[in-house]
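Here is the structure we will look at, set down as C-alpha cells.
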Amino acid sequence: MPVEKELYLSASGLTKVFGFGRQKTVAVDHVDLNLYEGEVISIVGESGSGKTTLAKMLLGLISTTEGDIYFQGKKRDISTHRKKKEYWKNIQAIFQDPFSSYNIFNKIDTVLLDCIHMRGGRKFPYAKKVELMTEACSFVNLKFEELTNKYPFELSGGQMQRLMIARIFLLKPKILLADEPTSMIDACSRATILDMLMQLRKEIGMTIIFITHDIGLAYYVSDSVYIMEHGKFVESGSADDVILRPKEPYTKRLLNDVPKIYEEWDLSTV
Amino acid sequence: MSNTMLEVRELTTKYITRFREDVYAVDHVSLKVEEGKTLGIAGESGCGKSTLALSLMGYYFPPLHYTSGEIIIDGHNITGMDPDVVRKMILGAEIAYIPQAAMNALNPTQKIIHFIEDVIQEHDLYVTKKDIYERARILFETLGLPAEVLQKYPVELSGGMKQRTVIAVSVLLLPKVLIADEPSSALDVTSQKMVIKMLRQLMETGLISSMIFITHELPLLYNVTDDIMVMYAGQIVEKGTAQETVFDPLHPYSKGLMGSIIVPEKGLRDVKLAAIPGVPPNLKNPPAGCRFAPRCKYVREECTLHSIPMHEAAGRRAYRCIIPEKELREIYAKEAYRNAR
C-alpha cells in the first residue's frame, strides 16, 4: 500500500447486530477496512454475507453497533442532519435497483438540479445549470433534451443507472460506493456502465468501493479485493493475488462456482 | 443418425399494442434442434429472446399473435392448432417451458405435491394420487432432490430449491424439448451451478431429448450449450457451434457481445471491454436494411438499402452481414492488433 497517499476512509472493529436474544444476527462482525485516495476496492460475497449492511454503515444510513469509522483521519460525526449532509457531499452511492433509487414524484430535471444545488450552484443562472446538466448527460451518452420533463420511470433500467452516474458526475464526491451497480442490467450494458465508472475515476480522481457478488467483475475493476463471508473478511489482498492465487477454501469455492470460458468448469463439486 | 426434435421454419410472431401497432418481435426465425443437443440463444434484453421462447410453444395469447411460419415437433406440425388442444396435448407433454421467474409459479398456499397433482391431472384425469406421488418421488430422487420437498410449502424452500423443484415438475410428463428461459438469472452463483448441473443431468438421463437455453450470460451459455444463435432485434444474426461463436464471432454484433464477457480468469484485466454504443432499435419501426447498422462500427452505404439475408460461412455457420467472411476476419485481426498496442 503506498504510504504517501491519503487515507480517506477507514473502519475498525465495525460491527452490526440485528435483533437480540434468540433472534440475534451478527450481520457484520468486527470488520477493518482502509481506503486510500484514488483506490478501487471491491467487497465480494454471496447474498446474506453482510455486504450491503457494511455499505449502509459506511454511508451512515444505519447506526453501527460497535466500532468506529474515520473519515480523512478524523472520527466521523453524523450526529446532526447538517453534519450528515456535509458528510454526504463526500460520499455518494449507486444502488443495485435503479427503479427504486429515484423519488418517483421528481422529474429528471429536478434530480439533476438538486445535485447542482448541493454543490453550491443554487445561485447559478439557469442557462449555466442547463449547460452543466447537458454536460453530465452527454458524459453518460444520454441526451438532456430528450430527458427534460420526463420522469425517471419512463427510462429503461440501463438509462436509469446511467442517469445515476450523471448525478455522481455532477456531485463529484470523494468516495463512491457502488452497491451491485450492474446486477440488474444485462451483460451488454454492463460494459458501458463499468467503462463510465472507470472514466469517472480518471477524470475526477474518485475513490470507489465496489460491492458485488460477481467475482469476475471485481477482478476486472479493482486494485484490491476483500472476500466476505458471514460478516467477516476471510481473504483480502491485491486483485491478482486473491483471484488468481486464492488461499482460502471459501474463495476457491466462489471462484469454482462461476462459469469460465478458457478453463474447464467443474460441475461435480456443488 | 440423429432425429430433429424441433424444427422451426421462418416463424414470425407479432405483438399488437393497444394503439393497434404491430411489433414484430420474432422475425423470420428458422432453427433446428437435434436429439441430444442443446441450443443456446444469446442477445441483449429486449431483442426478442423470451418472445421467441413463447412463440416456439405454439400457444399464443394476446397481445402475442401468430403471423406466419411453421413449428414441427418430432415430425408433427403444430402450427394452426387450436390453443386449447395445444395446451392439453403439446405443452408439458411435448414441449416444456421454464420461465424466468419460475419459482413464482408455485402457489404459496399449496404443498408441492398438490401442485404436481394439478399438473398431471390436467393431462390425464385417471391417475391416482398414490401413483402421482410415486412418480414424483422417483423423479425427484433421480435428480438428487430430497423427497421431503414434496410435502413442503414453497415458503419452506430456498430460492434455488424452488427453482429446481419447478424444473423437476416441468419434466414430469417427459417432454421432448425443454425451453429454459434464463433459469438461473435470479439466483446466486452456487444455486445457479446446481440448476445448471440439474439441466445437464436431465439431458444425460434422457428425461428430455433436447433443450433450448436462453440467457444473456455468455460464459454460462458457452458451458451449457452445443450450438449458439445470436439474436438481435427479432432476427437471428449468427449461428454456429458454441466454440465458434464465442471465440471466433463473425457478425459485428456478436463480436461486440463476446467482447463484453467478464470471467475471473487470467488476461481479463489486460483487455478493454468492448461496449456496443447506443440502444437496440424500437421494433415498432425497425431501421431499414441491416437492423444493427445504426450501432455498427463497420457500417457501409449498402447496409441500409435492403434487408440482409443470412450468408453461409465455413462449416455449418451462417451470419447476417453484407461484408464477406474473409474481409470481416481481416478487419477483426487489424483491430486486435491495434488494441494490443
Expected unfolding gain across B:T241-B:T4 under the 0.36 nm per residue rule, minus the alpha-carbon gap, is 83.7 nm
Provide the FRET efficiency to the nearest 0.05 for the A:M184-A:K247 pair, computing r from the beta carbons and using R0 = 30 Å. 0.40
Just name one of B:S185, B:A274, B:Q235: the one whose Cα is farthest towards the positive end of the charge dipole of chain B (beta-carbon charges, Lys/Arg +1, Asp/Glu -1). B:A274
For segment B:253-305, go through all pairs of different Cα atoms, get the mean of 1/r, take its inverse, and jot down that Kirkwood value in Å. 13.0 Å
How long are the semi-axes of the ellipsoid equivalent to segment B:248-340, from square roots of 5 times the Cα gyration tensor eigenvalues, in whole Å, largest first? 25, 17, 12
Can you list the residues, at least 5 places off or on another chain, whose amide H is less than 5 Å from the amide H of B:T79, using H built in the peptide plane? B:I71
Looking only at aspartates and glutamates whose Cα falls under 17 Å of B:K334's and that sit 8 or more positions away or on another chain, we get B:D248, B:E325
Quick one: pull the percentage of alpha-carbon pairs in segment A:201-253 with a separation above 19 Å. 26 percent
Run the simple label-point estimate for B:H114 and B:K88 please: 7 Å along Cα→C-beta, distance reported in nm. 2.6 nm
With label points built 7 Å along Cα→Cβ from the Cα atoms of B:I16 and B:Y126, find their separation and express it in nm. 4.1 nm
Convert 4 °C to kelvin, take the viscosity as 1.567 mPa s, use the Kirkwood radius over C-alpha pairs of segment A:89-221 as Rh, and evaluate the Stokes-Einstein diffusion coefficient in µm²/s, rounded to a whole number. 86 µm²/s
Kirkwood calc, segment B:1-136, C-alpha pairs only, radius in angstrom 16.9 Å
Burial-style ranking of B:308-317, B:239-248, average other-beta-carbon count within 10 Å with highest first, yields B:239-248, B:308-317
Amide N proximity, segment A:251-267 versus B:E204 label position 7 Å along Cα-to-Cβ, cut-off under 19 Å: A:256-260, A:264-267
Per-residue mean of C-beta atoms belonging to partner chains within 10 Å, peptide B:217-225: 4
Can you give the angle from 0 to 90° between the axis of helix B:189-205 and the longest principal axis of chain B, with both taken from C-alpha atoms, to the nearest 10? 80 degrees
Could you compute the FRET efficiency for B:M81 and A:F153, with r as their C-beta to C-beta distance and R0 at 56 Å, rounded to 0.05? 0.90
Express the C-alpha Rg of chain B as a ratio against the empirical globular expectation 2.2 N^0.38 Å, rounded to two decimals. 1.05
Report the Stokes-Einstein translational diffusion coefficient (µm² s⁻¹, integer) for the protein assembly as shown, Rh taken as the Kirkwood radius over Cα pairs, at 25 °C with viscosity 0.890 mPa s. 92 µm²/s
I'd like the mean, over residues of A:249-259, of how many other protein chain beta carbons sit within 10 Å of each residue's own Cβ. 4
If the chain between A:K123 and A:N141 were fully stretched, how many nm would it gain, using 0.36 nm times the residue separation less the Cα-Cα distance? 3.7 nm
Using the basic label-point model (7 angstrom from Cα toward the beta carbon), what is the A:D266 to B:E35 distance in nanometres? 3.5 nm
Quick one: which residues, 5 or more positions from A:I43 or on another chain, have an amide H under 5 Å from its amide H? H modelled 1.01 Å from N in the peptide plane, none for Pro or chain starts. A:F210, A:I211, A:T212, A:Y226
Starting from the Kirkwood radius over alpha-carbon pairs of segment A:165-236, derive D by Stokes-Einstein at 37 °C in a medium of 0.692 mPa s and give it in µm² s⁻¹. 251 µm²/s
Only loop residues by DSSP count here, and only those with at most 13 other Cβ atoms within 10 Å; note down the chymotrypsin sites (Phe, Trp or Tyr not before Pro) in segment A:215-270 that meet that. A:Y262
Count the lysine pairs in segment A:1-68 whose Cα atoms lie under 24 Å apart, taking only pairs 8 or more positions apart in sequence or on different chains. 5
Scalar couplings 3J(HN,Hα) for segment A:53-69 by Karplus 6.51 cos²θ - 1.76 cosθ + 1.60 (θ = phi - 60°), nearest whole Hz, x for Gly and Pro, are 4, 4, 4, 5, 5, 5, 6, x, 7, 10, 7, 9, 7, 8, x, 10, 10
If I take R0 = 22 Å and measure r between the Cβ atoms of B:S158 and B:Y133 in this structure, what FRET efficiency does the formula 1/(1 + (r/R0)^6) give, to the nearest 0.05? 0.45
Pair-distance profile P(r), taking every C-alpha pair of segment A:7-257, with 5 angstrom steps and integer %: 1, 6, 13, 16, 18, 16, 13, 8, 5, 2, 1, 0
Would you tally the net charge around B:Q100, using a Cβ to Cβ cut-off of less than 14 Å, leaving B:Q100 out, and scoring K and R as +1, D and E as -1? -2
Nearest 10, in degrees from 0 to 90: the angle of helix A:187-204 to the longest Cα principal axis of chain A is 70 degrees
To the nearest 20 Debye, how big is the dipole of the protein assembly as shown about its Cα centre, given +1 on the beta carbon of each Lys and Arg and -1 on that of each Asp and Glu? 2140 debye
Ordered by packing density, taken as the mean number of other Cβ atoms within 10 Å over each peptide's residues, highest first, how do A:42-49, A:24-31 rank? A:42-49, A:24-31
Taking B:323-330, A:107-114 and ranking on average Cβ neighbours within 10 Å, highest first, one gets A:107-114, B:323-330
How crowded by other chains is A:181-189, given as the mean number of beta carbons from other chains within 10 Å of each beta carbon? 6
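No lab work stands behind these numbers, since they all come straight from the coordinates. Keep in mind that what you see is a predicted model, and the values were worked out from it rather than measured. Every residue, glycine among them, receives a Cβ derived from its backbone with ideal geometry; neighbour counts consider all protein chains shown.
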